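Peer 1: The following block contains the structure, expressed as structure tokens.
Since every read-out is calculated from the coordinates, none of them should be taken as a lab result. Fair warning: this is a prediction, and the values are worked out from it, not measured in the lab. Cβ coordinates were reconstructed from backbone atoms using ideal geometry, including for glycine residues, and neighbour counts include every protein chain displayed.
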Amino acid sequence: MEFINIIDYIGTFAFAISGIRLAAAKNFDWFGAYVVGFVTAVGGGTLRDVMLDVTPFWMEQASYVVITGLALVFVLIFRKYVVRLDNTFFIFDAVGIALFTVVGVEKSIAAGYPVWVNVIMGTITGAAGGMFRDIFINEVPLIFRKDIYAMACLAGGLVYYFCLWLNLPTIAVQVSAAIAVFLIRVLSVHFKISLPSLKSIDQDRQA
Amino acid sequence: MEFINIIDYIGTFAFAISGIRLAAAKNFDWFGAYVVGFVTAVGGGTLRDVMLDVTPFWMEQASYVVITGLALVFVLIFRKYVVRLDNTFFIFDAVGIALFTVVGVEKSIAAGYPVWVNVIMGTITGAAGGMFRDIFINEVPLIFRKDIYAMACLAGGLVYYFCLWLNLPTIAVQVSAAIAVFLIRVLSVHFKISLPSLKSIDQDRQA
Amino acid sequence: MEFINIIDYIGTFAFAISGIRLAAAKNFDWFGAYVVGFVTAVGGGTLRDVMLDVTPFWMEQASYVVITGLALVFVLIFRKYVVRLDNTFFIFDAVGIALFTVVGVEKSIAAGYPVWVNVIMGTITGAAGGMFRDIFINEVPLIFRKDIYAMACLAGGLVYYFCLWLNLPTIAVQVSAAIAVFLIRVLSVHFKISLPSLKSIDQDRQA
């Protein structure tokens, strides 16, 4: 198993844990929690693959189904310790979105799309899973209201192209972009930096 | 019209009725109720077909559009009797998910996927429509909190493969799997069996 | 730039504004507001293209990404005036759904589908963006409860085919269908015409 797979699986595990925990907070049953965990982990990449018109990645190897199962077992067994591991999961999660972003950008490049589509696909891969999770548990998506999250993915996509433009070797491009996502995510949370919110300008709604 | 079509249409009708009733409880207008009924009936199969990269099944014959219309008319006319028919609709609905599951498994097999993908596709076909319905009407999906529902579809997929492994003839495989889904669904509701819910382990949310 | 592009962009701008305003009312941050605006503007066409199995239209030119950005800047700068412009946006929005409906019908025709699929695809193109918007901001979709909206798109699709049947030249068919959508939308709001709502028939829910 290569290093990149290990990171991919760690990210998947962290994403699934985040979905399962939120499902638990809504009293979902085990099966429902599994589904939410799975959607959190693979939802972004699935949306990307459907739009790129390629087979959703998780349908090509059973790992993601298995890892989500392990995440469920982990939450069931280590229930009491999960909260204490918050910081660890936060780091795993940040590693996950960093890797997912780079994978998303590259998969879009491979499908022959222009730069701006690739950056968007990277962002969707990293951030849309958390969005689906929040829709499933019937909450306003957190990634739109708190912290720098999707923005970190977007920035990572731009760093990817900046490094390409510098003619760095592929591995350096990938690592730089991933580190950018990771650092922006971790530092923004650490220093409580967030985007300004749009003040409500009116009450009425247009259909 | 073959027997399997009749069952398919009955299942579609029951699914559409369930969507329309819930939309009515939220004061949707007729058109909105039709859309929710339609999404409940065809949503699962559409998600499956998009992921399998084949044309969504309802775009190939107008029956599903028509049956949803009939379901709307039925609810409008027999409003008062619909509640009394609850048990009948419950049985129709159970027949529907049983058949939808088998159809989903077989469509995925035809697309050349491995066993575990086929079982998941069967489950999505049977259960995802109800999930979309609940997202549309802005409720936490019920199938994640109540009864054995998606789990019955999953079990049916496994029975399908168990019967294949026993070398049963195709029709026996299909019927056995469908009966398994139907019985698990009906008996679990009758005996009030449900999956354990995941207790909330923490309040905080990770984005 | 052709006239049809200008209308397309105006419609996109109006849709994006509507998403951004509703996101603001929920205290989304700038990025979240952008995403909701974008989904409102391109969501319907994306769902259509995924089901027709063609590349989502916004991935083929950067205009939609840019226009949504302009809409965000517009809301940020002209915050105070946006409410006063309500009627203007309403007209833009009505022009948008009129054009989107015709584009949707024709894209579906080009993909070789039968009449009823084409009419549904036109309706999805015009109306599904607003539905996604409401799901994202965690509201019951308004288009199912208020005004004539999706219904106007549906009627426009039928007018399209009626004009085809009259053997009108293409441009006359397109313009007639678009005007039908626009007029039905505007007049129904002006005269406060809406579809009857389905009275709640029962409280219980079927999963």
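Peer 1: What about C:PHE31, is it in a helix (DSSP H, G or I), touching a helix residue (DSSP H, G or I) at 6+ places or on another chain (Cβ under 7 Å) and free of Cβ contacts under 8 Å to residues at least 40 places away in the same chain?
Peer 2: So C:PHE31 fits the description; yes.
Peer 1: Sticking with this one: Out of C:THR88, C:THR68, I need the residue that is of a type in the set (Val, Ile, Thr), surrounded by fewer than 19 Cβ atoms within 10 Å (Cβ to Cβ) and assigned to a helix (DSSP H, G or I). Which one?
Peer 2: C:THR88
Peer 1: With the checklist (1) surrounded by 20 or more Cβ atoms within 10 Å (Cβ to Cβ); (2) in contact with a Phe, Trp or Tyr (Cβ under 6 Å, 6 or more places away or on another chain); (3) within 11 Å of chain C (Cβ to nearest Cβ) in hand, flag the one item B:ALA62 doesn't pass.
Peer 2: All conditions are met except number (1).
Peer 1: Considering each residue of segment C:65-116, count those that are among the hydroxyl-bearing types (Ser, Thr, Tyr) and within 11 Å of chain A (Cβ to nearest Cβ), and give that number.
Peer 2: 1
Peer 1: Under 19 Å from A:TYR9 (Cα atoms) and over 13 Å from the mean Cα position of the chain (by Cα), is that true of A:ASP86?
Peer 2: yes
Peer 1: Turning to a different aspect of this structure: Do the conditions hold for A:ASN167, that is, is it more than 13 Å from A:PHE100 (Cβ to Cβ), within 9 Å of another protein chain (Cβ to nearest Cβ), of a type outside the set (Phe, Trp, Tyr) and more than 17 Å from the chain's Cα centre (by Cα)?
Peer 2: Considered against the rule, which asks whether it is more than 13 Å from A:PHE100 (Cβ to Cβ), within 9 Å of another protein chain (Cβ to nearest Cβ), of a type outside the set (Phe, Trp, Tyr) and more than 17 Å from the chain's Cα centre (by Cα), A:ASN167 comes out as no.
Peer 1: Turning to a different aspect of this structure: Can you pull out every residue in segment B:175-191 that is out of contact with any Leu (no Cβ under 8 Å at 6 or more places or on another chain) and surrounded by fewer than 20 Cβ atoms within 10 Å (Cβ to Cβ)?
Peer 2: Result: B:VAL175, B:ILE179, B:LEU183, B:VAL186, B:LEU187, B:SER188, B:VAL189, B:HIS190, B:PHE191.
Peer 1: For B:ILE135, are the conditions met, namely being surrounded by fewer than 23 Cβ atoms within 10 Å (Cβ to Cβ) and farther than 25 Å from B:PRO196 by Cβ?
Peer 2: no
Peer 1: Conditions first: (1) more than 21 Å from C:ILE7 (Cα to Cα); (2) in a helix (DSSP H, G or I); (3) hydrophobic (A, V, I, L, M, F, W, C). C:ILE148 passes all but one, so which condition is the exception?
Peer 2: (2)
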